[in-house]
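Engineer: Before I ask anything, here is the structure I am working with.
The values are calculated or read from the model by the stated rules, or taken from the named source; none is laboratory data. Only a predicted model underlies this, so the values are computations on that prediction, with no experimental measurement involved. Using ideal geometry, Cβ is built from the backbone for each residue, glycine included, and neighbour counts are taken over all protein chains shown. Accessible surface is based on the protein model in full, side chains and every heavy atom, while ligands, DNA and RNA are left aside. Shrake-Rupley method; radii C 1.70, N 1.55, O 1.52, S 1.80 Å.
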Amino acid sequence: MKTIGFIDLHLDQFHANKYPGWIEQASGGSMKVAYAYAKQDKQGGKTNEAWCREYGVQQLSSIAEVVDRSDYLIVLSPDNPEYHEELSQLPLASGKPTYIDKTFAPDRDAALRLFDLAAKHGTPMYSTSALRFASEYAELKAGDIQTISSWGPGAFSNYSIHQIEPIVHLMGPSPKRVMFTGTPESPSLLIDFGEGRQANVNHLGDNCPFTLGVRYTTGDFKQASAQSNFFTAFIDNLVHFFHTSEPAVDPAETVAIVTIIEYGLKAADTPYRWVELPV
């Protein structure tokens, strides 16, 4: 059996709770989350010791121990990407296949540093939103897209990735500029890909389903709502990555996604004005 090590800010969170069972099931029992380290206990939640006891995972005292004893590595902290660079230093220097949870990095510069570190040490690595693997989105044809209108729930800061990831996957990793057009209650971001191609991200409330409306240059229109269990498809992909060391996501797409989020947050300070993106 291959062992997986968790590295996290705190272990009491949804992804850490769900991934062990999902991975063991998807791998047919050939992979198991065996080790974990977290920087701190969750305030008002379970201690890391209690979490490890509940999930049958051995708690280790350092990131170095987890890296040394695991075959594969997962850096979690999904809602605190500002910790990813600190938590990922040893994993990305290890040469062992490493998955870094969404959102990959708090800004473009950090994202580039992480990819450079992995490349320097020959460490297979990727990051993604599970929405990339929604079966309904997989039926949409990439390329020749003129406009995408995207809907979804949650806050822009930590949930916009679930809309932006499929957009970049479909429209390419070269966005030009962004404009904030929403309100504090319903954030909205316009993304210009150049040559008259654009996408709009809309956060419309917690009961809003993830939905894409796509207009092609031919005039055809397709609509898709992510109603399938996209987490199952994502975990299948993650298991495949650990088996093969072949990342499913182009680093250029991940950098573009992080850039859009970073500059989208800046654009919120100057609504209805274009903010140019770095090349």
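Engineer: Angle, helix 161-171 long axis vs. longest principal axis of the chain, Cα atoms, 0 to 90°, nearest 10?
Structural biologist: The angle comes out near 60 degrees.
Engineer: Now for a separate question. Convex hull over the alpha-carbon atoms of the range 1-154: what's its volume per residue in Å³?
Structural biologist: It comes to 145 Å³ per residue, whole-number rounded.
Engineer: How much net charge surrounds G21 when only the other residues with a Cβ under 15 Å from the Cβ of G21 are counted, with Lys and Arg +1 and Asp and Glu -1?
Structural biologist: -1
Engineer: Here's another thing I want to ask about it. Within the range 52-110, which GluC sites (Glu not before Pro) sit in a loop by DSSP and count at most 14 neighbouring Cβ atoms inside 10 Å?
Structural biologist: Passing sites in the range 52-110 do not exist.
Engineer: Between E246 and S30, what is the spin-label point distance in nm, taking each point 7 Å from the Cα along the Cα→C-beta axis?
Structural biologist: Taking the simple label geometry, E246 and S30 are separated by 1.4 nm.
Engineer: Past 20 Å, Cα to Cα: identify those pairs from K42/K266; K2/K96; K18/K46; K2/K39, in the order given.
Structural biologist: K42/K266; K2/K39
Engineer: Take every Cα pair under 8 Å in the chain that's 6+ residues apart, average their separations, divide by the length, and report that relative contact order as a whole percent.
Structural biologist: Averaging sequence separation for qualifying contacts and normalising by length gives 18 percent for the chain.
Engineer: If you count only protein heavy atoms with a 1.4 Å probe, what accessible area per residue comes out for the chain, rounded to a whole Å²?
Structural biologist: Per residue, the chain has 44 Å² of solvent-accessible surface.
Engineer: Something else about it: Pop a pseudo-label 7 angstrom from the Cα along the beta-carbon direction at both K141 and S62 and give the gap in nm to one decimal.
Structural biologist: 5.6
Engineer: Among 193-200, 157-164, how do they line up by average Cβ neighbours within 10 Å per residue, starting with the highest?
Structural biologist: Ranking the peptides 193-200, 157-164 by packing returns 157-164, 193-200.
Engineer: Cα to Cα, under 29 Å, and not fewer than 8 places away if on the same chain: which lysines meet these conditions relative to K222?
Structural biologist: Within the straight-line cut-off, K222 pairs with K102, K141, K176.
Engineer: Moving to a separate point now. Once the other residues with Cβ under 11 Å from the Cβ of H169 are scored (Lys, Arg +1; Asp, Glu -1), what is the net sum?
Structural biologist: That sum, taken over residues with Cβ under 11 Å, equals -2.
Engineer: Find the relative contact order for the range 90-226 and round it to a whole percent, using C-alpha pairs within less than 8 Å whose residues are 6+ positions apart.
Structural biologist: That works out to 25 percent.
Engineer: Here's a follow-up. Set the Förster radius R0 to 45 Å, insert the Cβ-Cβ distance between S157 and M1 as r into 1/(1 + (r/R0)^6), and round the FRET efficiency to 0.05.
Structural biologist: In this case the efficiency is close to 0.75.
Engineer: Could you run the Karplus curve 6.51 cos²θ - 1.76 cosθ + 1.60 with θ = phi - 60° over the range 54-66 and give me ³J(HN,Hα) per residue in whole Hz, x for Gly and Pro?
Structural biologist: 5, 9, x, 10, 7, 7, 10, 8, 7, 4, 4, 5, 4
Engineer: Around T47, what is the net charge, scoring Lys/Arg as +1 and Asp/Glu as -1 over all other residues with Cβ under 10 Å from its Cβ?
Structural biologist: Result for the local shell: 0.
Engineer: For F231 and A93, what does the FRET efficiency come to when R0 = 35 Å and r is the distance between their Cβ atoms, rounded to the nearest 0.05?
Structural biologist: 0.75
Engineer: Give me the percent of accessible area attributable to carbon and sulfur for the range 125-205, probe 1.4 angstrom.
Structural biologist: 51
Engineer: By how many degrees, 0 to 90 and rounded to 10, does the Cα axis of helix 108-121 deviate from the longest principal axis of the chain?
Structural biologist: For helix 108-121, the angle is close to 50 degrees.
Engineer: How much of the accessible area of the range 1-112, in percent, comes from carbon and sulfur atoms when a 1.4 Å probe is used?
Structural biologist: The value for the range 1-112 is 44 percent carbon and sulfur by accessible area.
Engineer: Also: Would you mind computing, in nm to one decimal, how far apart the modelled labels at D41 and R215 are, each placed 7 Å from Cα along Cα→Cβ?
Structural biologist: Modelled inter-label distance: 5.5 nm.
Engineer: Can you pull the Kirkwood radius for the chain, inverse mean 1/r over Cα pairs, to one decimal in Å?
Structural biologist: 19.3
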